[in-house]
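To start, the structure under review is shown below, and the notes come after it.
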Amino acid sequence: MTLILVATSGYAYKDWKGRFYPENMKDGDMLAFYSREFPFTEVNSSYYSMPTPYMFYHMMKKTPGNFIFVVKAYGGMTHQRDLGDITVGRFHDALKPLVEAGRLGCVLAQFPYSFHNNEKNRDYLKKLRERMKDLPLAVEFRSDDWLRLEVIRLLRENDMAFVCVDEPPIRGLLPPVVVATSSIGYVRFHGRNIRKWYNHEKSYERYDYLYTEMELSEWVPRIRELSRKTKVVFIAMNNHFNASAVINARQLLGLLKEAGNI
């Protein structure tokens with residue numbers, strides 16, 4: 001039976017104190033507390049700065065042995081197109097503790113909307129696959145021009161998971177489709193805050209959205225379909241503002257259990 005894991009994108013949010021974490025909890029105790037309820041997390045900090053082996057070693061010590069980490073690819077690789085030996089070598093070295101412990105879910109390569117479907121960028125995806133060697137890899141696109149059969153074929157041939165998304169129904173963004181291109185299924189919920197997606201002062205405003213149970217229930221059959229074609233499905237709630245991600249992760253988990261998916 002396919003493993004379906006429901007969690008959140010990141011965990012170290014100060015506005016979760018009093019909503020998920022105890023009000024007086026120290027920041028350094030958040031991960032241990034989080035891992036008591038959730039089976040994995042997405043590590044966001046690795047996108048903003050190059051991670052280190054010590055960082056992951058320290059994180060593993062705070063969590064159970066079966067807790068999984070999905071690590072965002074360093075932004076230099078996805079946004080500045082740096083796949084040089086130094087950058088890639090440091091990234092691989094950082095992940096060694098997770099790989100050796102069998103606790104790396106996958107590397108999540110999140111590309112910007114400006115990364116469009118053209119020959120140059122398709123070649124870049126192939127190069128990224130090559131540089132990541134045998135690491136499990138999931139790719140998230142923002143632009144809907146990637147939703148093409150030839151792209152699905154490219155991902156399958158290169159063993160890269162397509163990241164399914166739920167995001168605002170704005171022209172140019174990806175619709176909520178289910179596609180399986182490797183043994184890994186992946187779904188990320190960004191919220192449907194149309195008004196604040198582009199018009200915001202702080203980046204977190206984009207993810208200020210609480211799904212209704214009806215909206216989440218739309219995904220139950222889609223997740224079932226994805227699970228039939230994969231060995232593990234990662235589901236990450238990225239609507240992190242005010243701990244909405246925690247609320248919706250719990251709701252979706254309940255809906256999946258009720259439907260017999262888990």
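Quick notes on this one:
Matching residues to (1) among the aromatic types (Phe, Trp, Tyr); (2) more than 25 Å from LYS14 (Cβ to Cβ); (3) at pLDDT 95 or above:
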| position | (1), (2), (3) |
| --- | --- |
| PRO176 | no, yes, yes |
| HIS190 | no, no, yes |
| TYR211 | yes, no, yes |
| VAL232 | no, yes, yes |
| LEU255 | no, yes, yes |
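- Residue in segment 199-211 that is surrounded by the fewest Cβ atoms within 10 Å (Cβ to Cβ), counting only those that are free of Cβ contacts under 8 Å to residues at least 12 places away in the same chain and in a loop (DSSP other than H, G, I, E, B): GLU201
- Odd one out for THR2 among (1) surrounded by 15 or more Cβ atoms within 10 Å (Cβ to Cβ); (2) at pLDDT 95 or above: (2)
- Of all residues making up segment 117-147, the number that are aromatic (Phe, Trp, Tyr) and surrounded by fewer than 21 Cβ atoms within 10 Å (Cβ to Cβ): 1
- Search result, residues across segment 89-116 that are more than 17 Å from MET77 (Cα to Cα) and either hydrophobic (A, V, I, L, M, F, W, C) or open to solvent by 30 Å² or more (accessible area, probe 1.4 Å) (or both): LYS96, LEU98, VAL99, GLU100, ALA101, GLY102, LEU104
- Of all residues in segment 54-66, none satisfies being over 20 Å from LEU5 (Cβ atoms), of a type in the set (Gly, Ala, Ser) and either open to solvent by 30 Å² or more (accessible area, probe 1.4 Å) or in contact with a strand residue (DSSP E or B) (Cβ under 9 Å, 6 or more places away or on another chain) (or both).
- Complete set of residues in segment 212-262 that are among the hydroxyl-bearing types (Ser, Thr, Tyr), assigned to a helix (DSSP H, G or I) and closer than 22 Å to SER183 by Cα: SER227
- Segment 5-53, subset of a type in the set (D, E, K, R) and in contact (Cβ under 8 Å) with a residue 40 or more places away in the chain, residue least open to solvent (accessible area, probe 1.4 Å): GLU42
- Selection status of LEU98, in contact (Cβ under 8 Å) with a residue 40 or more places away in the chain, closer than 30 Å to LYS127 by Cα and part of a helix (DSSP H, G or I): yes
- Count - residues of segment 144-172 that are part of a loop (DSSP other than H, G, I, E, B) and aromatic (Phe, Trp, Tyr): 0
- When SER203 is tested against (1) more than 14 Å from LEU253 (Cα to Cα); (2) at pLDDT 95 or above, only condition (2) is not met.
The values are calculated or read from the model by the stated rules, or taken from the named source; none is laboratory data. Just so it is clear, the model here is predicted, and its values are computed rather than measured. Here the Cβ is made from the backbone with ideal geometry for all residues, glycine too, and neighbour counts use every protein chain on show. All accessible areas refer to the heavy atoms of the entire protein, side chains included, with ligands and DNA or RNA removed. Shrake-Rupley method; radii C 1.70, N 1.55, O 1.52, S 1.80 Å.
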